[in-house]
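Report on one structure; see the data block that follows.
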Amino acid sequence: MSRISLAALAAFALFGALPAFADESPFGDIYTTDTLPKGGREVEQWLTYEHGRPFETFNHLAGRTEIEYGITSRLQASLYLNYDWFENSPHSDEADTPHQNFARFTGVSGEVIYRLVDPYTHPIGVALYLEPLIGSDNREVEFKVLLQKNFLDDRLVLAANGVLEYEWTKDEEEWAHNTEVKALLGLSYRFAPNWFAGAEFMYKREFDGHVFDHAIAAADSFFLGPTVHYTHDKWWVTLSSQFQLPAAGNLNGEENQVVAGFAHEEPRLSLRLRFGYEF
């Protein structure tokens, strides 16, 4: 084998084994336990497209612009601006909403991630996540437990998130209370220098009301899809998709809560693009 071939093989082994850059995630929905280094700064742009619901033509594009800062090597804080666009046309009286086509600014949210255990120096990584959101007609508080396990010299990443989200939505003069509980599991493999590919699974349960305060379970839904990730120097990009599986459960017995195995209020398809740049 020539010296050039040996050098190329050594470079591939070295870069293929390097952990993901900064706090980037090879997943679209799942967070890993990676955080920015102390003093590190990053801007991240999210775009999420959702399509398809029973009884209507449904299209939704949501955007998030995020600024992140590493307070310490374990603690990271972020600020988001949130905005979206809706377009839907009902096909029958069973549709949830009348015809709509509008764009709006939905609110400002903050994010704090604290890493308890580093996955590169311990058998498993653990981090805690908190995100409050404030909008003109909505409020949210989201709690997450982040888990990460690396294999094959950090080339294979297994990550899981447990999520509890409280929502307050204003309807005329009253506030509706809702809860979402999610469990996410993902696997991603670095198959070439700077490239990851993998898959994500998500289980979601929705409640009318707040958990621990007489909440009533409404529906279960399940999602699965592939993800691909590329990183280069100071920037990275992730593209993922989620397909709703025809296995939804109607938990409160309401009519049309589940249609042909799909949760009525959840999209059939979701596509997400995330782009990050460290500055």
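Summary of values
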{"item": "Accessible area expressed per residue, the range 127-279, with surrounding protein chains retained (probe 1.4 Å, Å²)", "result": "50 Å²"}
{"item": "Mean separation of Cα contacts under 8 Å (6+ apart) over length of the range 79-164, as relative contact order %", "result": "20 percent"}
{"item": "Rh (Kirkwood; distinct C-alpha pairs) - the chain, Å", "result": "20.2 Å"}
{"item": "With Cα atoms, 0 to 90° folded angle of helix 3-17 axis to the chain main axis", "result": "40 degrees"}
{"item": "Backbone HN-Hα couplings from phi across the range 61-70 [Karplus 6.51/-1.76/1.60, Hz, Gly and Pro as x]", "result": "10, 10, x, 9, 10, 10, 10, 10, 9, x"}
{"item": "Choice from 235, 175, 85 with maximal GNM fluctuation in the chain (Cα, 10 Å cutoff)", "result": "175"}
{"item": "Mean Cα-pair separation over length for the chain, i.e. relative contact order, pairs under 8 Å, 6 or more apart, %", "result": "18 percent"}
{"item": "Most to least accessible of 265, 24 (protein chains only, probe 1.4 Å)", "result": "265, 24"}
{"item": "Whole-Hz ³J(HN,Hα) from phi, Karplus 6.51 cos²θ - 1.76 cosθ + 1.60, for the range 73-82, glycine and proline x", "result": "5, 10, 10, 10, 10, 9, 10, 10, 10, 10"}
{"item": "For the chain, built as a Gaussian network whose Cα springs stay under 10 Å, the top-fluctuating residue of 147, 116, 156", "result": "116"}
{"item": "64, 274, ranked by accessible area, largest first (probe 1.4 Å)", "result": "64, 274"}
{"item": "Heavy atoms of residue 237: accessible area, 1.4 Å probe, square angstrom to 10", "result": "40 Å²"}
{"item": "Expected 222 nm ellipticity per residue - DSSP helices of 4 or more, -39500 (n - 2.57), all of the chain, to 500", "result": "-2000 deg cm²/dmol"}
{"item": "Integer Hz, Karplus 6.51/-1.76/1.60 couplings in order for the range 263-268, x for Gly and Pro", "result": "5, 4, 8, 9, x, 6"}
{"item": "Carbon/sulfur fraction of accessible area - the range 157-233, other protein chains in place, 1.4 Å, %", "result": "61 percent"}
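The values are calculated or read from the model by the stated rules, or taken from the named source; none is laboratory data. Being a predicted model, the structure only gives us computed values, none of them experimental. The accessibility values were calculated without ligands, DNA or RNA, using every heavy atom of the protein model including side chains. Shrake-Rupley method; radii C 1.70, N 1.55, O 1.52, S 1.80 Å.
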